[in-house]
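Notes follow the structure.
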Amino acid sequence: MACALAMACALAMACGTTSGRSTGAADRSVAPGSAGAGADRDRERTAWRYEVALEPGARGMAVRMCFDGPAPAALRTIVDEAGVGWDGLSVDAPMPRPLTLARGRVELGTLPQDACVRWHVDLAGVSAGAGSRSATVLGDSVLLKQSLWLLWPTDASSDVTPTVALELPPGVRASVPWTLVDGERDARRSRYRIDATVSRWTGYTAFGALDLDRFERNGAAIEIARLDHPIACDREGVRAWITDAVDGASMLYGHYPREHLQVVVVPIAGGDGAVEFGAAARGGGAGVFLLLDDHADAARLPGGWTTVHELLHHGMPFVKDPWMGEGFVSYYTEVMRTRQGHRSEREGWQELYDAFERGRRGARGRTLARDSAAMHEQHAYQRVYWGGAAIAFELDVALRLAHPDRDGLDDAMKQLRRCCGDSVFQFGADALLTRLDRWYGEPIFTQTAARALAVPDFVDTDAVFAQLGITIADGKVVLDDGHRAAALRRAIMAPRKQP
């Protein structure tokens, strides 16, 4: 629902945000083909693995990081907040010696071949020193960002794939976004593969008395992990809610666009009976973080704005520019919820019109490009989300009018998924739009976006509506079923059966 976006924006919504040196810092990824990427190939690469043993009750964990061959000169934390709740940082036997974490860096000096470094993490201590959306303890469970307990080599290349061996004591369960290599998820012993996105982007790990529900849906392995706190919505209701959101994203792509999806549900007091906040996480795999009102009614959850929005993020590449990364997903959040049948076609168009009007009111004499670059600082969420969605809408209509036998922007979204959806790099919007121009054969994507980004005015969405036979009377949309583009209008928004 629209109110969910307003609430999320007021809370500094961080859908798919990066995990850099400090909260909100820029992503570290190196664009393909750059000098930095080439430098990876010119140096001896550090290879390593992690061994992680949880303690009874998930009170803490022992972490061991072992190098295959030479060790790097130094390790680094992933975020500045890391290190709180740590102790026992040292080089492991046979030559044990203590190490110091200073300013996010651990100098290793000269180590023998195949050396190991170890440290202990007090999970309650980490939670006490971090914000509730970075780490939290609920009942006998704990949730924390992986960036709060991992170290990473300073010289690591962009294509590394270290493994994590995870050992769980009886009564402790685990949910991680990583790729399973050996064993079974949540088994006493299992091994996972991670990649460089762990060191760049947000990812969540949860341990303890978790309610875990794993199932297959639309080509994806779904894992719902609910922290240890009672909620009004029963287990079947939670599954129905998440399944509905998976189906919404799958309608656009023909299947869910990721092989594995971790959904972490954190019950909270309050939240207006729905989802108070959501964030897409990409570090180490696809994940979604959701704050759910513990009194939420199961019947109210399917079709909710926030959940569908976050799951749609995983169909797109990670886009640096919020106007595209959030805007295109916001457009499809309205479209897919209507196509699923959660409301009528007219209601869907009305919701989209109302959203554009909120974005228009947020245009305060600054260009969309400027507001997008400073979205968090300016609190320009409505302007950026719906300004970007207006560009998506204009493109969708233009593409369908030019080629009525095709599926407009739907086809372009699938092309983005094919070309770049699984990249470990973050893309600028210009790079993705240029790729789409080449795919389409004309510069319609770059030109349409450039016009909207360069001016302080909001896109003239009323004119775009008119191209579909939609007029506005006293703030209400009126659909003309006799208009020559009525079929295209219905192709965009009308409810339909699941594929």
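We did not get these values from a lab; they are worked out from the coordinates using the rules stated. Nothing here was measured: the structure is a model prediction, and the numbers come from that model. Cβ coordinates were reconstructed from backbone atoms using ideal geometry, including for glycine residues, and neighbour counts include every protein chain displayed.
Taking the dipole about the Cα centre of the range 445-499, with the C-beta of Lys and Arg at +1 and of Asp and Glu at -1, give me whichever of Ala494, Thr446, Ile470 is farthest to the positive side. It is Ala494. Among Lys476, Lys320, Lys414, Lys497, sorting on how many other beta-carbon atoms sit within 10 Å of each Cβ, with the fewest leading, yields Lys497, Lys476, Lys414, Lys320. The convex hull defined by the C-alpha atoms of the chain has an orientation-averaged projected area of 23.2 nm². Straight-line cross-link partners of Lys320 among the lysines, defined as a Cα under 23 Å from its Cα and at least 8 positions apart when in the same chain: Lys145, Lys414. Rounded to the nearest 20 debye, the dipole magnitude of the range 316-493 is 200 debye, with +1 charges on Lys and Arg beta carbons, -1 on Asp and Glu beta carbons, and the Cα centre as origin.
Convex hull volume of the Cα atoms of the range 46-312, normalised per residue: 118 Å³.
When shorter helices are ignored and each DSSP H run of at least 4 residues is given -39500 (n - 2.57), the per-residue value for the chain at 222 nm works out to -10000 deg cm²/dmol. Remark on the range 333-432: Rg and Dmax equal 15.3, 43 Å (Cα only). Working ranking of peptides 425-432, 289-296 by packing, defined as the average number of other Cβ atoms within 10 Å per residue, highest first, is 289-296, 425-432.
Work from the charge dipole of the range 46-312 (Cβ charges, +1 for Lys and Arg, -1 for Asp and Glu, about the Cα centre) and give the residue of Gly131, Thr46, Pro177 farthest towards its positive end. So the residue we want is Thr46. Taking a Cβ cut-off of under 14 Å around Ala269, the surrounding Lys, Arg, Asp and Glu residues balance to a net charge of -4, with basic ones at +1 and acidic ones at -1. Peptides 341-347, 56-62 ranked from most to least packed by the mean count of surrounding Cβ atoms within 10 Å: 56-62, 341-347. Taking the average, over residues, of other Cβ atoms within 10 Å as the packing measure, peptides 249-260, 199-210 rank 199-210, 249-260 from highest down. Put a plus charge on the Cβ of each Lys and Arg, a minus charge on the Cβ of each Asp and Glu, and nothing anywhere else: the dipole of the range 413-484 about its Cα centre is then about 420 debye.
Taking +1 at the Cβ of each Lys and Arg and -1 at the Cβ of each Asp and Glu, which of Ala209, Leu89, Leu312 sits farthest along the dipole of the range 46-312 towards its positive end, judged by Cα position relative to the Cα centre? The one lying farthest along the dipole's positive direction is Leu89. Ordered from longest to shortest, the equivalent ellipsoid semi-axes for the range 316-493 are 24, 20, 15 Å, each the square root of 5 times a Cα gyration tensor eigenvalue.
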